[in-house]
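Written below as structure tokens is the structure these notes are about.
The values are calculated or read from the model by the stated rules, or taken from the named source; none is laboratory data. The structure displayed is predicted, hence computed values, not measured ones. Positions of Cβ are backbone-derived with ideal geometry, glycine not excepted, and every protein chain shown enters the neighbour counts. The area values use the complete protein model at the heavy-atom level, side chains included, leaving out ligands, DNA and RNA. Shrake-Rupley method; radii C 1.70, N 1.55, O 1.52, S 1.80 Å.
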Amino acid sequence: MGLHVTLLDESLPMLDLAKCAARDAGVTESIALKHGDAAQLAHLFDADSFDLILCHNILEYVDDPCAVLRSAAGLLRNPSGLISILVRNQAGEVLKSVIQAGDLAAAEHNLTAEWGRESLYGGRLRVFTAERLQAMLAAASLAITAERGVRVVSDYLPPMVSRNDVRADFRAGAQAGQATRVRRHARYTQCLAHRVAPVMKERA
């Protein structure tokens, strides 16, 4: 049985880009594109539909990340299904403010901030501590299988560092992301989790 992927996005232009990329790669028969909001997962897919769900850079933008996690957990095939969660790390906001911008006031603010700035598109996004993310996963009946830091080094490099050094930086960052003592300072946190109990449903 071949690999079948479903890509969900609420942006039609982004789905058009994905369609073109799938066509150029010759994998259109293996990818289904679906228009919809992550907050409506339970209404878009049947329960126990997926072996693997990628929830990368999504929880930062939704109104209720806990509800999205609960819905996603309900779509996993139990007990073998896995979900990969990638979120912006609060500690990373502190380090980037100090190392790149030299902004001590911003760094102090980010020590307790629940929201950060989206530098690429503008606006704000939610940031997560390790403790908060772990509590949300537990509330969604999800247990962490593995945890790592992502972009441990590259996002903190000052502007004067040559981009020619980025390849070596990627190797260093990948190694550092596996180390417990430093991964909590990464720009992003990634967790793999699996269902451990029937997912608690919202009361009507």
Among residues of segment 39-58 being open to solvent by less than 70 Å² (accessible area, probe 1.4 Å) and farther than 15 Å from L76 by Cα, the residue farthest from the chain's Cα centre (by Cα) is A39
Quick count over segment 144-162, residues being more than 16 Å from the chain's Cα centre (by Cα) and loosely packed, with under 14 Cβ neighbours inside 10 Å, is 5
Filtering segment 76-129 down to residues that are under 17 Å from the mean Cα position of the chain (by Cα) and part of a helix (DSSP H, G or I) yields Q90, A91, G92, E93
The condition from (1) within 20 Å of M136 (Cα to Cα); (2) at pLDDT 95 or above; (3) small (G, A, S); (4) in a helix (DSSP H, G or I) that A39 misses is numbered (2)
Taking segment 81-127 and the residues there that are hydrophobic (A, V, I, L, M, F, W, C) and under 14 Å from A193 (Cβ atoms), the one that is surrounded by the most Cβ atoms within 10 Å (Cβ to Cβ) would be I85
Handout entry: Meets criteria (of a type outside the set (D, E, K, R) and either under 17 Å from G92 (Cα atoms) or touching a Lys or Arg at 6+ places or on another chain (Cβ under 6 Å) (or both)) for V153
Key = yes
